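Peer 1: I'd like to ask you about the structure that follows.
The values are calculated or read from the model by the stated rules, or taken from the named source; none is laboratory data. Bear in mind that the values here come from a model prediction, so they are computed numbers and not experimental data. Here Cβ is always computed from backbone atoms with ideal geometry, including for glycine, and neighbour counts include all displayed protein chains.
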Amino acid sequence: MDAVSEKYNAVVVAKVSLTPDLFILKVKPDKAMPEFIPGQYVLLGISSNLPRRPGCAPEFKESKADRLILRAYSLASAGHEPGLLEFYVSVVSNGSLTPRLVNLNPGDRLMVGDKIRGFFTLDTVPKEHDTVVLAATGTGLAPYVSMMRRHAVKPYPFRFVLFHGAARSWELGYSEELRCHSRYLPRVTYLPSITRTKEDPWWTGETGRITQYFQSHLMRDRLEIDLDPARTSVFLCGNPEMIHEVGTMLEPLGYSAYTTSQPGSLHTEEYW
């Protein structure tokens with residue numbers, strides 16, 4: 001064991017591979033974490049001495065030896081169950097952390113930050129709002145999984161519409177769980193959509209980029225939702241291009257970005 005890995009304080013208990021580049025990692029900290037608010041994140045870290053997965057592109061910035069590589073990850077696990085933390089991870093081929101993280105298996109150790117933080121949470125939604133739109137691309141879905149798991153045990157007072165975009169249907173992680181939430185939880189609508197239909201000809205669900213649903217007439221006519229910043233909060237998580245495009249569509253409607261000093265009805269968190 002090198003000096004860096006002596007800082008490890010958690011163990012992998014399960015790894016679910018959805019594709020070669022997409023997986024769910026379940027991690028048990030040595031000491032139980034405090035309860036957290038769904039939508040928050042924590043740092044994950046592993047030693048730079050560990051090998052990267054064969055075949056990955058060269059690192060964008062080569063890691064020095066004997067370093068702890070740290071990155072922030074949103075939690076997919078429920079906030080009231082901090083004893084087992086869950087992460088939804090996509091391998092970035094030229095990255096430093098994920099090409100190493102993908103090599104981990106049950107029993108392997110890693111580092112989890114001691115603080116869970118972030119404001120991409122539903123407790124920032126004004127009490128007078130009755131609807132929350134949750135839109136994600138790729139692994140940007142993770143905070144919404146946490147929110148729905150909390151909703152299942154202690155319902156929020158909102159109607160939820162959850163959009164998830166991916167290239168192909170097998171990249172729509174958590175789809176079965178979210179379909180169950182949509183079927184059984186109060187006022188939850190789940191709309192997954194794929195873009196590479198030629199590669200997935202048996203898909204019979206929604207197609208196209210999820211940005212299309214933010215045309216106000218589609219939201220109103222199909223889902224009976226008014227994109228009104230006085231009543232409807234919008235959360236966007238994932239690809240920065242999607243976030244920028246939707247933000248541009250919402251700005252003329254009066255939406256402004258949420259900050260701790262100037263609350264607005266548009267909440268964003270970018271994933272690269």
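Peer 1: Pick from 50, 97, 84: which is of a type outside the set (Gly, Ala, Ser) and modelled with pLDDT of 95 or more?
Peer 2: On the way: 50 fails: modelled with pLDDT of 95 or more; 84 fails: modelled with pLDDT of 95 or more.
Checking each option against the conditions leaves just 97.
Peer 1: Could you say which residue among 77, 5, 47 is within 21 Å of the chain's Cα centre (by Cα) and among the polar types (S, T, N, Q)?
Peer 2: Within the list 77, 5, 47, the selection yields 77.
Peer 1: Next question, about the same structure. Select the helices (runs of 4 or more DSSP H) contained entirely in region 123-227, then report the ones holding at least 3 residues which are aliphatic (A, V, I, L, M), touching a Cys at 6+ places or on another chain (Cβ under 6 Å) and in the same structural domain as residue 260 (by TED's automatic domain parsing).
Peer 2: Details: elements: 142-153, 175-184, 216-223.
Per the criteria, no element qualifies.
Peer 1: A further question on this structure: Which residue is nearest to the chain's Cα centre (by Cα), if the candidates are limited to region 90-111 and must be crowded, with 18+ Cβ neighbours inside 10 Å and closer than 14 Å to residue 16 by Cα?
Peer 2: Among them, the one singled out is 90.
Peer 1: Restricting to region 45-70, and then to whatever is among the aliphatic types (A, V, I, L, M) and free of Cβ contacts under 8 Å to residues at least 40 places away in the same chain, can you tell me which residue is farthest from residue 102 (Cα to Cα)? Give the derivation first.
Peer 2: First pass over region 45-70, keeping only residues among the aliphatic types (A, V, I, L, M): 46, 50, 57, 65, 68-70.
The next check asks that each one be free of Cβ contacts under 8 Å to residues at least 40 places away in the same chain; those that pass are 57, 65, 69.
Numbers: 57: 14, 65: 19, 69: 14 Å.
Result: 65.
Peer 1: Report yes if residue 218 is farther than 18 Å from residue 145 by Cβ and surrounded by 14 or more Cβ atoms within 10 Å (Cβ to Cβ), otherwise no. Walk me through how you get there before you give the answer.
Peer 2: Values: farther than 18 Å from residue 145 by Cβ: yes; surrounded by 14 or more Cβ atoms within 10 Å (Cβ to Cβ): no.
No.
Peer 1: Residues of region 19-55 being over 17 Å from residue 70 (Cα atoms), surrounded by 18 or more Cβ atoms within 10 Å (Cβ to Cβ) and not β-branched (Val, Ile, Thr), which ones?
Peer 2: 22, 23, 33, 36, 38, 39
Peer 1: Kindly evaluate residue 257 against the criterion of being crowded, with 20+ Cβ neighbours inside 10 Å and aliphatic (A, V, I, L, M). It would help to see each step written out before you state the result.
Peer 2: On the way: crowded, with 20+ Cβ neighbours inside 10 Å: no; aliphatic (A, V, I, L, M): yes.
Criteria not met by residue 257.
Yes/no matrix, rows are residues, columns are (1) crowded, with 20+ Cβ neighbours inside 10 Å; (2) under 17 Å from residue 159 (Cβ atoms):
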| position | (1), (2) |
| --- | --- |
| 188 | yes, yes |
| 201 | no, no |
| 238 | yes, no |
| 261 | no, no |
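Peer 1: Here's another thing I want to ask about it. With 247, 254 as the choices, which residue is at positive phi and free of Cβ contacts under 8 Å to residues at least 40 places away in the same chain? Can you show your working first?
Peer 2: Values: 247 fails: at positive phi.
Going through 247, 254 in turn, the sole match is 254.
Peer 1: Tally time: how many residues in region 19-44 are touching a residue at least 60 places away in the same chain (Cβ under 8 Å) and over 15 Å from the mean Cα position of the chain (by Cα)? Break it down stepwise before answering.
Peer 2: First, the residues of region 19-44 that are touching a residue at least 60 places away in the same chain (Cβ under 8 Å): 19-27, 29, 33-34, 36-44.
If we keep only those that are over 15 Å from the mean Cα position of the chain (by Cα) as well, we get 19-21, 27, 29, 33-34, 36.
Number of matching residues: 8.
Peer 1: Could you list, in sequence order, all residues of region 55-70 that are within 13 Å of residue 95 (Cα to Cα) and modelled with pLDDT under 95? Before the answer, list the steps.
Peer 2: Of all residues in region 55-70, those within 13 Å of residue 95 (Cα to Cα) come to 55-63, 69-70.
Hits for region 55-70 are 55, 56, 57, 58, 59, 60, 61, 62, 63.
Peer 1: Taking region 107-122 on its own, how many of its residues are in a strand (DSSP E or B), more than 24 Å from residue 240 (Cα to Cα) and not β-branched (Val, Ile, Thr)? Spell out the reasoning first.
Peer 2: Just the residues of region 107-122 that are in a strand (DSSP E or B), to begin with: 109-112, 117.
Checking the rest, the ones that are also more than 24 Å from residue 240 (Cα to Cα) come to 109-112.
With the extra rule that they be not β-branched (Val, Ile, Thr), the set shrinks to 109-111.
Here the count works out to 3.
Peer 1: Residue 235 is checked against (1) more than 24 Å from residue 23 (Cα to Cα); (2) assigned to a strand (DSSP E or B) and fails just one. What number does that condition carry?
Peer 2: (1)
Peer 1: Counting just the residues of region 203-215 that are buried (at least 16 other Cβ atoms within 10 Å of the Cβ) and of a type in the set (Ser, Thr, Tyr), which one comes out nearest to residue 137 (Cα to Cα)?
Peer 2: Among those that are buried (at least 16 other Cβ atoms within 10 Å of the Cβ) and of a type in the set (Ser, Thr, Tyr), it is 211.
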